[in-house]
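J.: There's a structure below that I have some questions on.
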Amino acid sequence: MDRSLKSAGLMTRFLTPPSPAHSLIATLNGPLNPQSNCFLFGAIPPEIRHRIFSFALHSYDDASRPYPEYSYYSRPGYRYHQRINTNLLATCRRIYTETHDLAVSLNEHVFWCSSTRGPPRDFFDNPKWYFSKFTVEQRAAVVYIHLFTQLYWLERSESFRFFCELEDIHPLHLKITVRHTDWWFWELNTPLVMKYHWAGTFESMKKLEILDIELESIERDLDQMNTIVKNMVELFVVRAGSRTLTTQGNDITTKRYVGKAIYAYDWDSSSEESIYYSKQDNRWITGKPVQIPDPIPYVVSTIRWAKET
């Protein structure tokens, strides 16, 4: 990662971000042309029009900007940088009125909560600064936030508490993913462990309706992860505002995939920081293998807490 970018990210922890401005919609004056003669507005029902606009403003993979194959953050569903084509908003005032915050509410807002485990970008682990670039109306439209986070960010740092206490950011849906490489000392083949004290942090998220916690391990550690999943269901009490979210009625989902057995690998680099899995030794080893190891099986379990209906 570029040192200047990393330094900028660290500096933002200690600075106060600017106050958000209002969206352009708040400054528009004068009568709005209903464009009744336009087929889009005159013949297509609003709910169908909304679906059309939603398709147009959904994020998509930027095939020209793939994530490095052996990076920590390249995984199923996250292989490319994302793009959102916002040309639709510049079409006319009527369309802008209907769509100005749609891209914000439709798409997930992803944070890679570690200085080295996510794609290089501004404010990679600082949601406060990321959302400071949003307008007042956009901040109110945020629905879905996804955190990829190492356990230290959840259990030991103040960052997670600061995130939950963000002013004017009240997502309805929060997803937290702990990847295999996010567990404590995974590279030393240490048994999986997790503390649960951070469950009380959600109380300040007053509008939260769904919490998904996604835990990942390699097949070798499945029994350890299953024990943690069981403990979370029994011991993890999630309160959001005045509500208590519950796992009742929500099945634990389990998925498997075959993924890479080496991380931080660059054949042309002289660095020895890559980590690979040796099937022969049944363990992770730091260094460069003689050849790229075969993929290995991963297991992902997702627990959902939701408000009672």
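J.: Checking a compactness column here: for the range 44-86, what do you get for Rg(Cα) / (2.2 N^0.38 Å), N being the number of residues?
T.: Normalised by 2.2 N^0.38 Å, the Cα Rg of the range 44-86 equals 1.59.
J.: How tilted is helix 46-57 with respect to the longest principal axis of the chain? Cα atoms for both, answer in degrees (0 to 90, nearest 10).
T.: 50
J.: What ranking of Arg156, Arg94, Arg79 comes out by heavy-atom accessible area, probe 1.4 Å, highest first? Let's see the in-between values first.
T.: Numbers: Arg156 170, Arg94 45, Arg79 95 Å².
Descending accessible area places them as Arg156, Arg79, Arg94.
J.: Roughly how tilted is helix 222-235, in degrees to the nearest 10 and between 0 and 90, from the longest Cα axis of the chain?
T.: The angle comes out near 50 degrees.
J.: Within the range 115-243, what percent of beta bridges assigned by DSSP are antiparallel, to the nearest 5?
T.: Values: 1 of 12 bridges.
Expressed as a percentage, antiparallel bridges in the range 115-243 total about 10.
J.: Ranked by accessible surface with a 1.4 Å probe, highest first, in what order do Lys255, Lys288 come?
T.: Lys255, Lys288
J.: Taking loop as defined by DSSP and a crowding limit of 12 other beta carbons within 10 Å, which GluC sites (Glu not before Pro) in the range 162-221 fit?
T.: Glu167
J.: Listed here are the pairs Lys206/Lys260; Lys133/Lys207; Lys128/Lys288; Lys128/Lys255; Lys128/Lys195; which of them are more than 30 Å apart at the Cα?
T.: Those over the limit are Lys206/Lys260; Lys128/Lys288; Lys128/Lys255.
J.: While we're here: Excluding ligands and nucleic acids, what accessible area in Å² is computed for His180 using a 1.4 Å probe, to the nearest 10?
T.: Accessible area, nearest 10 Å²: 0 Å².
J.: Can you give the extra length, in nm with one decimal, that the chain gains between Ala21 and Val143 once fully stretched, where that is 0.36 nm per residue apart less the Cα-Cα distance?
T.: That works out to 42.0 nm of additional length.
J.: How long are the semi-axes of the equivalent ellipsoid of the chain, defined as square roots of 5 times the Cα gyration tensor eigenvalues? Whole Å, largest first.
T.: Semi-axes, largest first: 38, 24, 20 Å.
J.: Right, here's the next one. With every protein chain present, what accessible area does Thr254 have (1.4 Å probe, heavy atoms only), rounded to the nearest 10 Å²?
T.: 80
J.: Post the alpha-carbon centroid distance, the range 106-156 to the range 208-224, in whole angstrom.
T.: Taking the Cα centre of each part, the range 106-156 and the range 208-224 sit 20 Å apart.
J.: How much length would be gained if the chain were fully extended between Glu155 and Glu234, taking 0.36 nm per residue of separation minus their Cα-Cα distance, in nm to one decimal?
T.: 26.6 nm
J.: Pull out the extension gain between Ile84 and Gln248, defined as 0.36 nm times the separation in residues minus the alpha carbon to alpha carbon distance; nm, one decimal.
T.: Stretched out fully, the Ile84 to Gln248 stretch lengthens by 55.4 nm.
J.: Let me cross-check Lys195: its accessible surface, 1.4 Å probe, with only protein heavy atoms counted, in Å² to the nearest 10?
T.: Surface open to solvent at Lys195 totals about 110 Å².
J.: What are the semi-axes of the equivalent ellipsoid of the range 33-106, taken as the square roots of 5 times the eigenvalues of the Cα gyration tensor, listed largest first and rounded to whole Å?
T.: 34, 11, 9
J.: Using Cα-only point scatterers and the Debye equation, what is log10 of I(q)/I(0) for the range 143-200 at each q in 0.12, 0.25, 0.26 Å⁻¹, rounded to two decimals?
T.: -0.33, -1.12, -1.18
J.: Using heavy-atom solvent-accessible surface (probe 1.4 Å) with all chains present, what is the largest-first order of Thr190, Thr227? Walk me through the numbers before you get to the answer.
T.: On the way: Thr190 50, Thr227 75 Å².
Listed by decreasing accessible area, they come as Thr227, Thr190.
J.: Shifting gears a bit: Sketch the reach of a paramagnetic label on Asn33 as a point 7 Å from Cα along Cα-to-Cβ, and name the residues of the range 83-108 whose backbone nitrogen lies under 16 Å away.
T.: Residues 90-98 qualify, since their backbone N sits under 16 Å from the label point.
J.: Just the number, please: Stokes-Einstein D of the range 194-309 in µm²/s, Kirkwood Rh from C-alpha pairs, 4 °C, 1.567 mPa s.
T.: 78
The values are calculated or read from the model by the stated rules, or taken from the named source; none is laboratory data. Computed from a prediction, not measured in an experiment: that's the story for all the values here. All Cβ positions, glycine included, derive from the backbone under ideal geometry; neighbour counts span all protein chains shown. These accessible areas exclude ligands, DNA and RNA; they are computed on the full protein's heavy atoms, side chains included. Shrake-Rupley method; radii C 1.70, N 1.55, O 1.52, S 1.80 Å.
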